[in-house]
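For reference, the structure discussed in these notes is given below.
The values are calculated or read from the model by the stated rules, or taken from the named source; none is laboratory data. The structure presented is a predicted model; accordingly, all values stated were derived computationally and were not measured. Glycine also receives a Cβ, built like all others from the backbone with ideal geometry; neighbour counts cover every protein chain displayed.
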Amino acid sequence: MAIELRELGPEHWDLFYARLERAFSSPPESGEERAQWRKVAELDRTIAGWDEGDLVSTAGAFSFRMTVPGGSQLGVAGVTMVSVQPTHRRRGVLTAMMRRQLDDVRERGEPVAVLTASEPAIYGRFGYGIASTQLRGAVDTTRVRLAAPEGVDGLRMRLVDAAGAVEACEAVYARLVPLRPGMLARQPAWETQPLLPPSTPAGAGGLLCVLAESDGELRGYARYWITPRWPAAGPESTVQVRDIGALDPVAYAALWRYLASIDLTSEVAFGNRPVDDPVLHLVSDVRRCALTPRDGVHVRLVDVGAALQARAYAAPVDVVLDVTDPFCPWNTGRWRLGADAAGAVCERTTDPADLALDIRELGAAYLGGPSLHALAGAALVTELRPGALAAAARAFHSTPAPWLPHGF
């Protein structure tokens, strides 16, 4: 089947978006949401597949900067809006788009591509590994208490217009970005992404924003909405947390305590928090938080040498990696990674390999989340020199755990 892949023209944006909604079996999004995505879309990185004038596949990428272990920000391609119409599946269309896209990422000099997956089983065959985990949960606030560290009562909580507080909230967010691998620096126009209205009719009350302040200084914020529920026995509404960020532990605890104490509500639900989120230690009963882990960011190393040199390591390491990469064969071969407090160097070598692994597992370990030791336990990493696995696992580890704060 001859599918023509070409850069999307602005005149085809609405058709592109409608095809994307149809492929995901999604109801049409609001005009506000569609306009926001159009505002951040990079059409020169957006691909449409055409079959005799019919648009049958979509894919795009955003130019992001992502924090890597050590706090540096690395230019990455944020793969997005990937779809194939049901009439054209299992015919190599997705593979063709992935081929074109990764070639383009390489030409642009971005050593890493990242994505969030609708179905995590899809992207492993293109070299993406699951590099972080996110937590979903719902705190039963009728039975769970939130700890109140010393100083919480000294903070002022102030409800404000969410749109009017964007600049202040973004200043807090920007200070948090370097502190955790996987965090994305906000690019222009992305600051309004968290302001999109709740997607469910139950959230029609609108987005709310609360600020935690100390002596007039902003220390944190939370954006949320209320899903009302009024059974015969009394109100049991849910606080739905969109995002929350704070510059210190006291402000963070104060924000969670505020969310858990809103009148006429019985739970606080959240859809994406890190696996090591401090809130897990603020609650009095973690079992009543309905915690569910889910895959977060999927990472694909496009240039092994540049990617491994760009991050810092938790311990000195000197290891030769034998990498297999059938989809991007320029990465296949042996790479010597040497790292210490002065930095990292990763270059091709003919020396004997210490560890053997696929590019997918190297992507999974890249941000310091999944352990190389755990991957070896699943027979996905092979130790070829005794002791090499333990040393490499220590070096690749990250504290705090990696986390992608929002989808794209």
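Hey, among the residues in the range 1-48 that are of a type in the set (D, E, K, R) and over 22 Å from PRO197 (Cα atoms), which one's surrounded by the fewest Cβ atoms within 10 Å (Cβ to Cβ)? So the residue we want is GLU11. Could we say that ALA310 is touching a helix residue (DSSP H, G or I) at 6+ places or on another chain (Cβ under 9 Å), small (Gly, Ala, Ser) and outside the structural domain of PRO178 (by TED's automatic domain parsing) here? So ALA310 does not fit the description; no.
Cβ-Cβ distances below 6 Å connect the following pairs, each with a first residue in the range 132-147 that is within 30 Å of VAL68 (Cβ to Cβ), a second residue that is of a type in the set (Ser, Thr, Tyr) and surrounded by fewer than 19 Cβ atoms within 10 Å (Cβ to Cβ), and a separation of six or more residues or different chains: ARG136/THR292. Taking the criterion of being in a loop (DSSP other than H, G, I, E, B) and either surrounded by fewer than 21 Cβ atoms within 10 Å (Cβ to Cβ) or out of contact with any strand residue (DSSP E or B) (no Cβ under 8 Å at 6 or more places or on another chain) (or both), the residues of the range 49-94 that qualify are GLU52, GLY53, PRO69, GLY70, GLY71, SER72, GLN85, ARG89, ARG90, ARG91, GLY92. Being surrounded by fewer than 16 Cβ atoms within 10 Å (Cβ to Cβ), in contact with a Phe, Trp or Tyr (Cβ under 9 Å, 6 or more places away or on another chain) and in contact (Cβ under 8 Å) with a residue 24 or more places away in the chain holds for only one residue in ARG311, ARG300, ARG348, and it is ARG348. Scanning the range 171-185 for residues that are surrounded by 14 or more Cβ atoms within 10 Å (Cβ to Cβ) and either closer than 24 Å to ARG257 by Cβ or modelled with pLDDT under 95 (or both) turns up VAL172, TYR173, LEU176, ARG180. Residues considered: VAL241, VAL279. Of these, the only one that is surrounded by 18 or more Cβ atoms within 10 Å (Cβ to Cβ) and in contact with a helix residue (DSSP H, G or I) (Cβ under 6 Å, 6 or more places away or on another chain) is VAL279. Of all residues in the range 277-288, those satisfying the criterion of being of a type in the set (Val, Ile, Thr) and assigned to a helix (DSSP H, G or I) are VAL279, VAL286. Within the range 179-190, residues that are within 19 Å of VAL112 (Cα to Cα) reach partners that are acidic (Asp, Glu) with beta carbons closer than 7 Å, at six or more positions or on different chains, in the pairs ARG186/GLU170.
To keep it simple, each residue is scored yes or no on (1) in contact with a Ser or Thr (Cβ under 6 Å, 6 or more places away or on another chain); (2) buried (at least 17 other Cβ atoms within 10 Å of the Cβ); (3) over 19 Å from LEU247 (Cβ atoms).
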| residue | (1), (2), (3) |
| --- | --- |
| ALA117 | no, yes, yes |
| ARG125 | no, no, yes |
| TYR128 | no, yes, yes |
| ALA148 | no, no, no |
| GLU167 | no, no, no |
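Residue count for the range 246-267 satisfying the condition of being out of contact with any strand residue (DSSP E or B) (no Cβ under 6 Å at 6 or more places or on another chain) and part of a strand (DSSP E or B): 1.
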